[in-house]
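See structure below.
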């Protein structure tokens, strides 16, 4: 005789199935409705190539900025006892839950021509970030930075600190220990952080369109191109969405053994 299933088990299984369908059905719809016969033509179009080049450039720049800033932030939070560490951690991870459009507005108020820092940048250095490629990089860095902080922080907390202690006992200075011992020890976390930051920056929409606008060749990245294409060329929007979906799948596969799956 088959074991009797309890109502709780059945309810959990039903809810799990609904949750899976909620995620899978939109993706299946995207694949089924995709104009595959026109995909090659769409991907070779000038607009797509320009948006793709710009997206790759801005996302790579944002990833580099996020790592340059995120690694020190993670180190301060995990390896020091400075006052306010918990508050700093909360603030640096806030963009994870902050609506992207709100982040874009906040960037305008801080780095706009009349913002807290933007007015000084404009008057003294002649640098204007809003509605420029640099502004797109800044917006993507803003949303990607928390991923670098969280992943590297976890890597630092899980690293064997005895290696650092041994290096110090042999006379190594702080700089040598950081560059030659600490960073190599957390290389998997650094690679995972870089991958997540790049994927997040590549898919950013709200903060970018609010702070940098959507100007072809200057700030119109792939997600913005999808939104614009929906109005006049839905087939192109679907193909671009599939391109971003493929990139997301590649990222998940790359992180599967290194970060997402634990023994």
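Comparing 98, 109, 21 in a Gaussian network model of the chain (Cα springs below 10 Å), the most mobile by mean-square fluctuation is 21. The helix-only estimate of mean residue ellipticity at 222 nm for the chain, built from DSSP H runs of length n ≥ 4 each weighted as -39500 (n - 2.57), is -22500 deg cm²/dmol after division by the residue total.
Answer rounded, prolate or oblate for the stretch 54-158, using the Cα gyration tensor with square roots of eigenvalues a ≥ b ≥ c: rounded when a/c is under 1.5, else prolate when a/b is larger than b/c, else oblate. Prolate. Each principal axis of the Cα atoms in the stretch 160-225 has its own extent, and those three values, largest first, are 56, 19, 17 angstrom. For the stretch 42-260, the relative contact order works out to 31 percent when only alpha carbon pairs closer than 8 Å and six or more residues apart are counted. For the pair the stretch 3-50 / the stretch 63-110, the C-alpha centres are spaced 33 Å from each other. Largest GNM mean-square fluctuation among 212, 201, 167, using the chain with Cα springs under 10 Å: 167. With 5 Å bins from zero, work out the P(r) of the stretch 133-263 over every alpha carbon pair and list the percent per bin. Distribution as computed: 2, 10, 15, 15, 15, 12, 10, 8, 5, 4, 2, 1, 0, 0 percent. Relative to the globular-protein estimate of 2.2 N^0.38 Å, the Cα radius of gyration of the stretch 119-167 stands at 1.90.
For the stretch 1-70, dividing the convex hull volume of the Cα atoms by the residue count gives 191 Å³ per residue.
The eigenvalues of the Cα gyration tensor, multiplied by 5 and square-rooted, give the chain an equivalent ellipsoid with semi-axes of 34, 31, 18 Å from largest to smallest.
Read-outs throughout are calculated quantities, based only on the coordinates presented, and are distinct from any laboratory measurement. Treat the numbers as computed from the prediction; the structure is a model and nothing was measured.
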